[in-house]
Amino acid sequence: DANMFIEHYTDCREAECFAAYVDALTLDAFGTAATPEEHAAIDALYDAAIARGDGFDEAALDAVEVVLQSPRFLYHFEADLGDGTPRELEPGELARRIAFLVTGEPADTMLQQAALRDELRTDEQVTAQVDRLLQTEGAIVAGHRFIRDWLELTSLATQVRDAEHHPTWSPAIGAAMHDETLGVFDEL
């Protein structure tokens with residue numbers, strides 16, 4: 001429900017709260033706060049909503065629509081200047097990439113806060129965040145998804161084997177192979 005979504009980011013419905021709402025929304029979506037240009041464009045949505053007789057909630061939902069269509073939400077940009085010259089990732093960009101690589105999900109609050117505090121500059125800081133994320137349910141789910149796709153494990157339960165050459169084969173054996181492979185992955 002839209003009301004619950006907005007309340008996730010703010011419990012205030014006044015004009016002076018819209019900028020903080022945008023900051024919280026873009027931090028979740030982009031891994032960083034909105035740029036001044038993005039902020040100006042999204043803030044203009046509030047003015048437009050009020051001008052047409054709508055209120056905070058409509059403007060807040062308009063902001064969600066714009067953010068979810070933003071290239072910064074939809075894409076991970078290359079880490080070069082366009083000519084092959086590498087560029088250093090901003091902390092929020094790095095946090096987002098770490099999160100998607102390890103968990104397949106957006107950065108969690110701890111990773112976002114580390115980025116905001118500029119605590120993703122050293123190998124040790126990045127390693128600590130990766131190690132922490134590897135212990136989360138998201139990392140386990142993402143790892144299982146990778147192993148299932150890579151080794152085509154989902155086909156084991158529906159495999160049909162030649163009964164003459166594999167007389168003891170059954171779907172239960174395929175399921176056990178699937179589970180054992182994931183168990184070995186978990187152990188590793």
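The values are calculated or read from the model by the stated rules, or taken from the named source; none is laboratory data. Predicted model only: the values in this text are computed from it and were never measured. Please note: Cβ atoms are built from the backbone with ideal geometry, for glycine as well, and neighbour counts cover all protein chains shown. These area figures cover heavy atoms from the full protein model, side chains too; ligands, DNA and RNA do not enter into them. Shrake-Rupley method; radii C 1.70, N 1.55, O 1.52, S 1.80 Å.
Before moving on, here are some points about what is shown:
- Where Ile140 falls short, out of the listed (1) over 30 Å from Ala24 (Cβ atoms); (2) in a helix (DSSP H, G or I): (1)
- Residue check for Thr85: of a type in the set (S, T, N, Q), surrounded by fewer than 19 Cβ atoms within 10 Å (Cβ to Cβ), modelled with pLDDT under 85 and over 24 Å from the mean Cα position of the chain (by Cα): yes
- Near pairs, Cβ below 8 angstrom, 6+ apart or cross-chain, from the stretch 95-124 (at pLDDT below 95) to any residue that is open to solvent by 60 Å² or more (accessible area, probe 1.4 Å) and in a loop (DSSP other than H, G, I, E, B): Arg96/His76; Arg96/Pro106; Arg97/His76; Ala99/Glu105; Ala99/Pro106; Phe100/His76; Phe100/Pro106
- Residue match in the stretch 171-185 (condition: in a helix (DSSP H, G or I), open to solvent by 80 Å² or more (accessible area, probe 1.4 Å), out of contact with any helix residue (DSSP H, G or I) (no Cβ under 8 Å at 6 or more places or on another chain) and closer than 30 Å to Gly31 by Cβ): no
- Evaluation of Glu37 against (1) under 21 Å from the mean Cα position of the chain (by Cα); (2) open to solvent by 40 Å² or more (accessible area, probe 1.4 Å); (3) within 24 Å of Arg97 (Cα to Cα) (one fails), failing number: (1)
- Whether a residue is of a type in the set (Lys, Arg), within 30 Å of Val126 (Cβ to Cβ) and open to solvent by 60 Å² or more (accessible area, probe 1.4 Å) was assessed, and Arg96 does not pass this test.
- Hey, Gln129 of a type in the set (S, T, N, Q), under 30 Å from Thr35 (Cα atoms) and open to solvent by less than 40 Å² (accessible area, probe 1.4 Å) or not: yes
- Across the stretch 102-130, the qualifying residues are those that are of a type in the set (Asp, Glu) and under 17 Å from the mean Cα position of the chain (by Cα), and the one among them that is nearest to Leu182 (Cα to Cα) is Glu105.
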